[in-house]
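So the structure is just underneath, and the comments pick up after that.
Bear in mind these aren't lab numbers, they're just calculated from the coordinates by the rules spelled out. The shown structure was predicted, so the numbers you read here are calculated from the model rather than taken from an experiment. Ideal geometry is used to build each Cβ from the backbone, glycine not excepted, and the neighbour counts take in all protein chains shown.
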Amino acid sequence: MKKIFILDTNILISDPNSIFKFEDNDVVIPISVIEEIDHFKRDQSEKGRNAREVSRILDRLRNQGSLAEGVPLGSKDDVEGKLTVYLGEQVLPANLKNNTDNQILAVGLSLQKKCGATTKVSIITKDSNLRIKADSFGLQSEDFEADKVDISDLYDGVRRIQVDDDTIQCMYAEREATVQDELLPNEFVVLESRSDASQYVCGHYDYEQKNVQMMDNFSDSIWGIYPRNMEQTFGLHALLDERIKLVTLIGGAGTGKTLLAIAAGLSKTTDEDTYQKLLVARPIIALGKDIGYLPGNVDEKLNPWMQPVYDSLDYLLTGGTPNRQKRLSKSYQELIDQGMLAVEPITYIRGRSLPHVFFVVDEAQNLTPHEVKTILTRAGEGTKMVLTGDPYQIDNPYLDSTNNGLTYAVERFKNSKISAHITFKQGERSELASLAAELL
């Protein structure tokens, strides 16, 4: 059955190339959506950049034919879908406001009436209210599935495997063992004895050697901290392994993902000189109602947004204890003045090239898949990227746990030999924080 997909503005803003992701089906963009795109393109944010990209794509297609009649989206050898910019003819009930959502509904009803039962007409939108309204008019509607990840099946980076006692002994003797299970590159493994589950050994899968390599516990602290549980141990191994160029860490509040990432970055930058700079960035998205414009220069304006990062740096620079004297007389400011540390918003990342940098992106769940792609493609030679966040704490109104950039990166990179992922499940911030995360 032929399909026609009507795209809402939020689909195009989140991914300008979504136009080309509907295979050989027809794509329709209502004229009201073009109006909204025109409004957004003046914005200087990522939303504005994507709106301008949509306009460029549509203008390029316009040169290939009439958008009113339909422009082929595929090559001449393919079964082609068409892109059409459509006005719509259906008149909606008078009690509905004349806004973009309702005009999209009008286009859907017009096409459904025009095409009949031989064609499936569906509205593609991230707006749940528009999907509800479409259903009330008998129109099919759905979210954009191309960048969605089933959070319940998300790769967690750790696998438990039951083995015989000989395999356990082999791991201790040879520091490596072969298992029958198919493992992903850099997947962390807990080998448990079949006869006694309390007997186990931890390792990680070496993609090149095709075996499980034994891991040791950390005997020395990393900037004053030690991993407190198995998942943190796995995460720290991935963070300190220079062969792994991308590490993704997912976990709830207080699981230690950001603190471990910054500690590893400080160790690799200031102690080992493996990287020239530790760069820590996070998206600027408010929790709850924004308080408006902030006074001061750029640094003073950014300080409230970057304060969680500074809190972690303060904790590390005091050795993790409240009464211990700071290691550096000027705290993190001395590292900043020496050019070894930079704390920035993610806003200005586009166009940059970042060689030999340990780059930590905190709160990455608030980034779109397109923004994560933009960030990762900034990596120069010798750079390590770390994405941390919690898919269940999203402040971006256009994202949820299934379509954010962090889970998207985890799913897309899980088969790569230069990436590793760990999901932190145990809170370590405090007894109160762990209980609050569990009960509230």
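Couple of notes before you dig in:
- Net +/- balance of residues flanking residue 434 in space, Cβ distance below 15 Å, scoring K and R +1, D and E -1: -1
- Inter-site label distance for residue 190 and residue 129 at 7 Å from Cα along Cβ, in nm: 4.5 nm
- Structural descriptor for the chain: relative contact order 16 percent, calculated from alpha carbon pairs under 8 angstrom and at least 6 residues apart.
- The stretch 2-142: mean projected area of Cα convex hull, nm²: 8.4 nm²
- Using the Cβ-Cβ distance between residue 426 and residue 242 with R0 set to 30 Å, the FRET efficiency works out to roughly 0.65.
- Near residue 364: Cβ cut-off under 11 Å, other residues only, Lys/Arg at +1 and Asp/Glu at -1. The net charge is -2.
- Subtracting the Cα-Cα distance of residue 165 and residue 1 from their residue separation scaled by 0.36 nm leaves 53.4 nm.
- Interatomic Cα distance distribution for the chain, bins of 20 angstrom, percent: 22, 47, 27, 4
- Net lengthening on full extension, residue 333/residue 145 (0.36 nm per residue, minus Cα-Cα): 63.2 nm
- Each Lys or Arg adds one and each Asp or Glu takes one away; over the other residues whose Cβ falls under 13 Å from the Cβ of residue 355, this sums to +4.
- Length-normalised contact order for the stretch 2-142 - Cα pairs under 8 Å, 6+ apart - percent: 29 percent
- Once the Cα-Cα distance is subtracted from the 0.36 nm per residue extended length, the residue 63 to residue 347 segment shows a gain of 98.9 nm.
- For the pair residue 211 and residue 17, label points projected 7 Å from Cα toward Cβ lie 4.1 nm apart.
- For the chain, the share of DSSP beta bridges that are antiparallel, to the nearest 5, is 25%.
- Label-point separation in nm, residue 393 to residue 438, each point 7 Å along Cα→Cβ: 1.8 nm
- Here r is the Cβ-Cβ distance between residue 87 and residue 45 and R0 is 22 Å; the resulting FRET efficiency, rounded to 0.05, is 0.15.
- Taken as entire DSSP H runs, the helices of the chain that both span 18 Å or more between Cα atoms along their own long axis and average -0.5 or more on the Kyte-Doolittle scale are 100-115, 298-317.
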